[in-house]
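For reference, the structure is listed below as structure tokens.
The values are calculated or read from the model by the stated rules, or taken from the named source; none is laboratory data. Quantities reported herein were computed from a predicted structural model and do not represent experimental measurements. A quick note on method: Cβ atoms are made from the backbone with ideal geometry, for glycine too, and the neighbour counts reach across all protein chains shown.
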There are 2 protein chains.
Amino acid sequence: MTTTRTPAYTELQQRQQRLHHLTHLQSIAEWDQSANMPAKGSEARSLAVAEMGGLLHQLSTEPVLKTLLADAEQEDLSSDERANLREIKRAWSASNALPQRLVEAKSLASSRCEHAWRSQRPANDWAGHLPNLREVVALAREEAVCLSEATGLSRYDALMDLYEPGMRSAEVDRVFGDLRSWLPDLIKTVQAKQAQETVLEPVGPFPKAAQRALGLDAMRLMGFDFDAGRLDESAHPFCGGVPEDVRMTTRYREDSFIPSLMGTIHETGHGRYEQNRPRDWITQPLSQARSMGLHESQSLSFEMQLGSHPAFAKLLSPLVIKHLGDQPAFAPQNLNRLLTRVHTGLIRVDADEVTYPAHVILRYEIERALMEGEIECEDIPALWDAKMMELLGQDTRGNFKDGCMQDVHWGSGSFGYFPCYTLGAMYAAQWFAAMRRAAPTLDAQIEAGQLQPVFDWLQTNIWSQGSRWETPELVRRASGEALNPAHFKAHLQARYLA
Amino acid sequence: MTTTRTPAYTELQQRQQRLHHLTHLQSIAEWDQSANMPAKGSEARSLAVAEMGGLLHQLSTEPVLKTLLADAEQEDLSSDERANLREIKRAWSASNALPQRLVEAKSLASSRCEHAWRSQRPANDWAGHLPNLREVVALAREEAVCLSEATGLSRYDALMDLYEPGMRSAEVDRVFGDLRSWLPDLIKTVQAKQAQETVLEPVGPFPKAAQRALGLDAMRLMGFDFDAGRLDESAHPFCGGVPEDVRMTTRYREDSFIPSLMGTIHETGHGRYEQNRPRDWITQPLSQARSMGLHESQSLSFEMQLGSHPAFAKLLSPLVIKHLGDQPAFAPQNLNRLLTRVHTGLIRVDADEVTYPAHVILRYEIERALMEGEIECEDIPALWDAKMMELLGQDTRGNFKDGCMQDVHWGSGSFGYFPCYTLGAMYAAQWFAAMRRAAPTLDAQIEAGQLQPVFDWLQTNIWSQGSRWETPELVRRASGEALNPAHFKAHLQARYLA
């Protein structure tokens, strides 16, 4: 970045830098809230975070920004600067599309809904949840209308654009439609095949301290930089913090070590993306991770593309034995079977790689119809029951807590996020297909414990690119083609039916 | 607090609330920096904290505040509101007395000086430290001039007023002069007495996890609310965080458990003061701890008034045995002897209750002369050597690292803070004298493990008062008299010569 820029762009850049610094404090406070904060700190923390949220919104919507953006468009900028300006403008449009009153009302309603949901879900209390959800949905629809007016997109697309910029439901329909056509049969075939296999169950308990040490070793194997991040515990695992200091969390169950181990490997994928964003642009939007789907493509590259690879189990096995002691279940082949078992269950977050997309398709179809005004909140349970039966053969009637009340997303006002999970899985499969074309010996290298070629490819094609390219261009540059669900299908067939 | 206030005061109150919320994020980030942050997070964190520092300064110096303060003075306020307004005005005066340029220059120079000091101190490199210190001193003197002009106080008094509002060097001279007259002899007498006593040394090592569990039990004994705070580790122990969520830290040495145990009890005194500040006023200056000396009076009430009490060792002994195993050194009488051993050493932070004031008097006399322009930086070592010999009989010639380079205060730009440590010790002795007058059975209660009367007295007289009263009034209300060094003398005589 040169310093001889003409005024408007330079001014915008400095303002972004200020936002970067203030957002740093917000991110650390939010991580702390999940990882450290005692109960009585909650109210003061919520007020502090809300105050900062208001301040950040105020700084993002100052009237002068409109002029600065228009002036900067006319300035002589490098291609990177122009990409940065494009991203500044995208964030500005989203912030300015929403009246402050709506932002506050939605924040309030979704806090209330989420808070009540924490006790309503275990009580299976759909009737209690419904009025709260209706209020959140009404405000999310208002948000969708504002964003739709600002962008010219459909209401649902305007919301999805916040998480996966450039992705449209026509495209999601195309790739999910393909998936939907072969996934239910694939699930049945895989389950029939696996029914013939013997799998040894690990014998616990697995003490937390040993699991933590195992997780740290797995993070080292995956190249996490511990001078620029940490691993802690929280009720719901996530990857937070700031790119210069990534704060990953996990949770431990003493009866089973696999959820924490694979969860940690998953978050490490997110973490390395953040740790390796373009350093020279770290305070600017150009450096930011491209999208939620791209982010998920990194966590799933680690957890699924590598994690469920039979050769990867040979790398993991000695670490498991080192920390949890030797037992027959920890032999590589058995470990790989444990990591690739397919079950048709009710709960998305517990789902395996093969059934997961079914959970996502179901939610996508419902939330899209809800935001486009084609259905109402009271229609959700019946649709849920029908789609669960169709896609996964599961009966969820009357079981709201393990059905449509299981996720926090809708109650907390997030609509348009769910597709990112499966888009991420598809992108990840596409990256590994591209890697294998470029380096046909890739699988032999993984088997030999050489993961660096994988990391190098991701570094070159994804991490170091930040938000320099819009997603379709990034995908094309990285893999030579547009998003292509055939790679995901080929991956599942090779991994689960070979 | 009623909500029907006239505009100016209400506006000021709302602005204070905003500062409270933003400061919350700053405090948590600063705690995290010491307790959690990995090395590569440092630069981004410093920039984020500096950005927020600038923002807080900007919010504290907005021109409209002058008018609001003047208008509020004319409004019909309750006595609490008037006290709150007095404290708002005091903070405003201090912020506005300093030009932004000076604040930034001093922050930069002291960061640089402190950073270099970290390697210069172990290298005993006074010559290297001197030019950096000169720069910091020059800027601190500028600061003192600005504050002196704004307050009408002498330069040193204007600096000390930032930490101990209302305290003047004439008063410090009075009480330290008294101390100085009997302390060196008292130290000799105590050492002669203790030379006759047998003290068993505890046999280590003491594993960190066991020491941590012991520290947590000690915090429970001292009434710390773990739903509103935590204990973590840092290189330099402190009590930070926010009143609603107090973050204490300690450090562990496996060869000795006493420094961490007593350090934890010390910080618990700070922590309970913060946890029990007036709740209805928590966002306002009226709720704030009165001063650094008052704060230290709480930590020393816990660490010294209770901690070195022979009866308290009977409460501590079973906890030590529970966590570190039984050994003869842990018997109550021996434990009390370990906790009250007097050594004339070179290092302030390692000093015991009896010799500590000598370290403070020495620093007070030097820093006062330095700020009043009576001496220069190059005069410090000779003065240090002379005063160490006079007060503690120690030869420090040529030993800068254990002499005038041992503390971070001056290099980091803090002048006027040191007296607070010993003022705190004197206040603590005065509180316990008042408690015993009100409840002659206090020592028997402590012996019986009933610490609640102590906590109740502190809660009623100190914690719940926040900054409602100026210090002399608070001291008079709590103890019926002005600061009186006789109580500290009586305490030391009773504790160490009885």
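Annotations for the structure displayed:
- Scanning the stretch A:46-63 for residues that are in contact (Cβ under 8 Å) with a residue 12 or more places away in the chain and within 7 Å of chain B (Cβ to nearest Cβ) yields A:A48, A:M52.
- Pairs are defined by a Cβ separation below 7 Å, a sequence spacing of at least 6 or placement on different chains, a first member in the stretch B:19-45 that is more than 7 Å from chain A (Cβ to nearest Cβ), and a second member that is among the β-branched types (V, I, T) and outside any helix (DSSP H, G or I); the pairs so defined are B:H20/B:T283; B:S27/B:V242; B:S34/B:T249; B:A35/B:T249.
- Matching residues, the stretch A:244-294, being more than 14 Å from chain B (Cβ to nearest Cβ) and of a type in the set (S, T, N, Q): A:T250, A:S256, A:S260, A:T264, A:T268, A:Q288, A:S291
- Taking each residue of the stretch B:373-397 that is at positive phi and looking for partners that are in a helix (DSSP H, G or I) with beta-carbon atoms closer than 9 Å, six or more apart or interchain, yields B:G373/B:R141; B:G373/B:R155; B:G393/B:P184; B:G393/B:I187; B:G393/B:K188.
- Restricting the stretch B:472-487 to residues that are touching a Phe, Trp or Tyr at 6+ places or on another chain (Cβ under 9 Å) and of a type outside the set (D, E, K, R), the residue that is surrounded by the most Cβ atoms within 10 Å (Cβ to Cβ): B:V475
- Flag if B:F224 is surrounded by 14 or more Cβ atoms within 10 Å (Cβ to Cβ), within 14 Å of chain A (Cβ to nearest Cβ) and closer than 29 Å to B:V342 by Cβ: yes
- Among residues that are surrounded by 16 or more Cβ atoms within 10 Å (Cβ to Cβ) and either under 27 Å from B:L55 (Cβ atoms) or of a type in the set (V, I, T) (or both), A:E62 is not included.
- Selection status of A:W117, modelled with pLDDT of 95 or more and either assigned to a helix (DSSP H, G or I) or more than 27 Å from the chain's Cα centre (by Cα) (or both): no
- Residue list for the stretch A:390-431, filter: surrounded by fewer than 18 Cβ atoms within 10 Å (Cβ to Cβ), under 29 Å from A:A494 (Cβ atoms) and not charged (D, E, K, R): A:G393
- Qualifying residue in the stretch B:221-231 (condition: in contact (Cβ under 8 Å) with a residue 60 or more places away in the chain, under 23 Å from B:Q459 (Cα atoms) and within 21 Å of the chain's Cα centre (by Cα)): yes
- Inter-residue pairs, beta-carbon under 9 Å, first under 21 Å from B:W410 (Cβ atoms) and in the stretch B:160-171, second crowded, with 19+ Cβ neighbours inside 10 Å and of a type in the set (K, R), 6+ apart: B:M160/B:R368; B:S169/B:R368
- The residues of the stretch B:451-471 that are surrounded by 16 or more Cβ atoms within 10 Å (Cβ to Cβ) and either within 17 Å of B:M219 (Cα to Cα) or of a type in the set (V, I, T) (or both), listed by number, are B:L451, B:V454, B:F455, B:L458, B:Q459, B:I462, B:T471.
- Criterion violated by B:K66 - all others in (1) over 26 Å from A:A29 (Cβ atoms); (2) within 14 Å of chain A (Cβ to nearest Cβ) satisfied: (2)
- Residues of the stretch B:50-89 satisfying the condition of being more than 14 Å from B:Q284 (Cα to Cα) and hydroxyl-bearing (S, T, Y): B:T61, B:T67, B:S78, B:S79
- Pairs where the first residue, in the stretch A:256-268, is on the phi > 0 side of the Ramachandran plot and the second is among the acidic types (D, E), C-beta under 7 Å, 6+ apart: none
- So A:A83, is it at pLDDT below 95 and among the hydrophobic types (A, V, I, L, M, F, W, C): no
- Top-ranked residue in the stretch B:442-476 [being in a helix (DSSP H, G or I) and among the small types (G, A, S); ranked as farthest from the chain's Cα centre (by Cα)]: B:A444
- Test: residue in the stretch B:358-367 that is over 20 Å from the mean Cα position of the chain (by Cα) and closer than 29 Å to B:S119 by Cβ: no
- Failed condition for A:R112, given (1) part of a helix (DSSP H, G or I); (2) within 14 Å of chain B (Cβ to nearest Cβ); (3) within 26 Å of A:H409 (Cβ to Cβ): (2)
- The residues of the stretch A:227-243 that are within 19 Å of A:E296 (Cα to Cα), within 14 Å of chain B (Cβ to nearest Cβ) and out of contact with any strand residue (DSSP E or B) (no Cβ under 6 Å at 6 or more places or on another chain), listed by number, are A:V242, A:P243.
- Helices (runs of 4 or more DSSP H) within the stretch B:317-433 that include 1 or more residues touching a helix residue (DSSP H, G or I) at 6+ places or on another chain (Cβ under 7 Å) and among the hydroxyl-bearing types (S, T, Y): B:356-371
- If you check B:E43, B:E30, B:E81, B:E75 for being within 27 Å of A:S46 (Cα to Cα), touching a Phe, Trp or Tyr at 6+ places or on another chain (Cβ under 9 Å) and of a type in the set (D, E), only one passes: B:E81.
- Filter pass, A:L214 being more than 13 Å from every other protein chain (Cβ to nearest Cβ), touching a residue at least 60 places away in the same chain (Cβ under 8 Å) and farther than 27 Å from A:R290 by Cα: yes
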